[in-house]
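Encoded as C-alpha cells, the structure appears first; notes follow it.
Every read-out reported here was derived from the displayed coordinates using simple, explicitly stated rules and does not represent laboratory data. Owing to the predicted nature of the structure, the values given are computational and were not obtained by experimental measurement. Because the Cβ atoms are built from the backbone with ideal geometry, glycine has one as well, and the counts that use them run over all protein chains shown.
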Amino acid sequence: GESVGLHLPTLSVQEGDNSIINCAYSNSASDYFIWYKQESGKGPQFIIDIRSNMDKRQGQRVTVLLNKTVKHLSLQIAATQPGDSAVYFCAERGTGNQFYFGTGTSLTVIP
Amino acid sequence: DVKVTQSSRYLVKRTGEKVFLECVQDMDHENMFWYRQDPGLGLRLIYFSYDVKMKEKGDIPEGYSVSREKKERFSLILESASTNQTSMYLCASSPLTGLYNQPQHFGDGTRLSIL
C-alpha cells in the first residue's frame, strides 16, 4: 500500500520567517494531494490541495510544490505567525479513491 | 462552510461495552469516513461509505462496524470495546469525486478511552 511520510517530525521557526514542511509519497499513480493543519484539540483543517498535473499552487500565504520525479510534496508558509503553530500533514489519493495520510510535522512558531 | 459534527468530544467506556460514535454532516456529501489517529501512526482508515446503506472496509476494520441509514449520518460501532481501541476517532465527509478533486472535511474528533 501507499506510504506517506514526513522528513522532520518537528520544526521551529521565528515569527515572520518562512516555513517549509516536506512530505514524501510512494505511489507514483497518486493523482491528488492535500495539506491539512491540525491544531490541538481540533480536527484536521484543509489548507490547500494540488492535482498531479500541476507542480505549484498558491493560496493565501501558503504555496504547495509537487515534484513528481522524486515523489516529494512541500508546503511553504510565508511570514509565519503564532497562529500557524500546529501539526501539518499531507495526504495523497491513491488507488481506489482512498486517501493516505502522513504522520505529521509539528510546527512551533517562536515569537 | 462544511460542518462535520461528532456527537462526543470525550468518551470513557469499559472493556467489553458496545460503543457508538456518531457523526453528522450538513453538506449533503455522498462520502463519509471513519479514521483513528494514534501518535506516530497518522490517520488510519477504518470504514467508509459512498452512499446510504453502503459500506466498505478500510485498512483496519477489525473490531469495528458502521451504519449509514441516512445520508447525513455515519455511525461507528465498537462491538466489544478493548483497551487497544483507545484512540482519537475522526469522522470526515466529501462529495462524490467525479470529475473534480475534493478534499475530505473533518470533525473535531472523539477522544475515546477504554478502561
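Could you order the peptides B:105-111, B:47-53 from most to least packed, using the average number of other C-beta atoms within 10 Å per residue?
Values: B:105-111: 21.3, B:47-53: 16.7.
Ranked from most to least packed, the peptides come out as B:105-111, B:47-53.
Remind me, relative contact order of the range A:59-111 in percent, using alpha carbon pairs under 8 angstrom and six or more residues apart?
Computed value for the range A:59-111: 29 percent relative contact order.
Taking each residue in A:100-108, count the Cβ atoms of any other chain within 10 Å of its Cβ, then average. What number comes out? Intermediate values should be presented prior to the final figure.
On the way: counts 5, 8, 2, 7, 5, 0, 0, 0, 0.
The per-residue average across the peptide is 3.
Return the percentage of antiparallel bridges among DSSP beta bridges fully within chain A, rounded to the nearest 5 %. Can you show the working numbers first?
Details: 36 of 41 bridges.
Rounded to the nearest five, the antiparallel share is 90 percent.
As a quick test, which of the pairs A:Lys68/B:Lys57; A:Lys71/B:Lys55; A:Lys71/B:Lys71; B:Lys3/B:Lys53; B:Lys18/B:Lys55; A:Lys56/B:Lys57 have an alpha carbon distance above 26 angstrom in this structure? List each step's numbers first, then the result.
Values: A:Lys68/B:Lys57 29 Å; A:Lys71/B:Lys55 31 Å; A:Lys71/B:Lys71 36 Å; B:Lys3/B:Lys53 22 Å; B:Lys18/B:Lys55 20 Å; A:Lys56/B:Lys57 34 Å.
Distance filter (> 26 Å) returns A:Lys68/B:Lys57; A:Lys71/B:Lys55; A:Lys71/B:Lys71; A:Lys56/B:Lys57.
Would you work out the Kirkwood radius for chain A? I mean one over the mean of 1/r across all pairs of different Cα atoms, in Å.
Numbers: mean 1/r = 0.0718 Å⁻¹.
This gives a value of 13.9 Å.
When Cβ neighbours within 10 Å are restricted to other protein chains, what is their mean count per residue of peptide B:42-50? Show your work: numbers first, answer last.
Numbers: counts 12, 12, 2, 4, 0, 0, 4, 0, 1.
Mean shielding count: 4.
For Cα pairs less than 8 Å apart in space and 6+ apart in sequence, what is the mean separation divided by the residue count of chain B, i.e. the relative contact order in percent?
Over chain B, the number comes to 36 percent.
Cβ under 12 Å from B:Gln102's Cβ, B:Gln102 left aside: what net charge do those residues give with Lys, Arg +1 and Asp, Glu -1? Provide the component values of the computation, followed by the final result.
Numbers: positive: A:Arg51, A:Arg93; negative: A:Asp49, B:Glu30.
Spelling it out: positives minus negatives among the neighbours equals 0.
Compare the peptides B:72-82, A:45-55 by average per-residue count of other Cβ atoms within 10 angstrom and give them in order, highest first.
Working: B:72-82: 17.5, A:45-55: 15.4.
Ranking, from highest mean packing down: B:72-82, A:45-55.
Treat the protein assembly as shown as a sphere of radius equal to its Kirkwood radius over Cα pairs and apply Stokes-Einstein at 20 °C in a medium of 1.002 mPa s; give the translational diffusion coefficient in µm²/s, rounded to a whole number. Please list the in-between numbers first.
Details: Rh = 18.1 Å.
The calculation lands on 119 µm²/s.
Give the average, rounded to an integer, of partner chain Cβ atoms located within 10 angstrom of each Cβ in A:30-43.
Working: counts 0, 1, 4, 2, 4, 1, 4, 0, 6, 1, 0, 5, 4, 13.
What the average comes to for A:30-43 is 3.
Could you state the number of Å between the C-alpha centres of the range A:30-80 and the range B:52-92?
Between the Cα centres of the range B:52-92 and the range A:30-80 lies a distance of 28 Å.
Only residues of the range A:61-77 count here: report those whose backbone N is under 17 Å from the spot 7 Å along Cα→Cβ of A:Gln45, or say none.
A:61-63, A:76-77
Test of understanding: ordering A:Val62, B:Val12 by Cβ neighbours within 10 Å, fewest first, what list do you get?
On the way: A:Val62 17, B:Val12 11.
Least to most surrounded, the residues fall as B:Val12, A:Val62.
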